[in-house]
Amino acid sequence: MQYLFYFVGFVIALAVFLYALNAYESGRERLKGLKSGHGKRTGRPATVEPQDIFLKKPRSHPGERICPLCGSALTNFEALYAAPVKNGDGTRILILGCRYCYKDEDAEGAPPAGAD
């Protein structure tokens, strides 16, 4: 009966060893492929499709506000920057971002306040 337990333990240890060896070898091949440039990465910059962003619902807690552009969690006192846009159908709101992702065009080119 003891030999049966030894045999079962040996089989389990062998299975764990082979699994770890396989994971090590596949990781080595993946790293070798990335270093040589034959992996999934190409020389082109990555592009983001709009449906990848807008059709996925971000995970959030109930009552938590999230910026639709950058995904930052907003408090009740942080607002979104938006502008009304008039078109043939009426007026629509264009969301420009939150305080984390919106860059004011006037603030970039203007000198700092108080500078002469």
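The values are calculated or read from the model by the stated rules, or taken from the named source; none is laboratory data. The shown structure was predicted, so the numbers you read here are calculated from the model rather than taken from an experiment. Every residue, glycine among them, receives a Cβ derived from its backbone with ideal geometry; neighbour counts consider all protein chains shown.
Yes or no: residue 62 part of a loop (DSSP other than H, G, I, E, B), at pLDDT 70 or above and surrounded by 10 or more Cβ atoms within 10 Å (Cβ to Cβ)? Don't jump to the end; show me each part of the working.
Values: part of a loop (DSSP other than H, G, I, E, B): yes; at pLDDT 70 or above: yes; surrounded by 10 or more Cβ atoms within 10 Å (Cβ to Cβ): no.
No, not satisfied.
Say we look at segment 1-40 and pick out the residues that are of a type in the set (A, V, I, L, M) and within 27 Å of the chain's Cα centre (by Cα); which of these is modelled with the highest pLDDT?
Let us first name the residues in segment 1-40 that are of a type in the set (A, V, I, L, M), namely 1, 4, 8, 11-16, 18, 20-21, 23, 31, 34.
Pick out the ones that are also within 27 Å of the chain's Cα centre (by Cα) and you get 23, 31, 34.
Working: 23: 89, 31: 77, 34: 65.
Taking the candidates together, the pick is 23.
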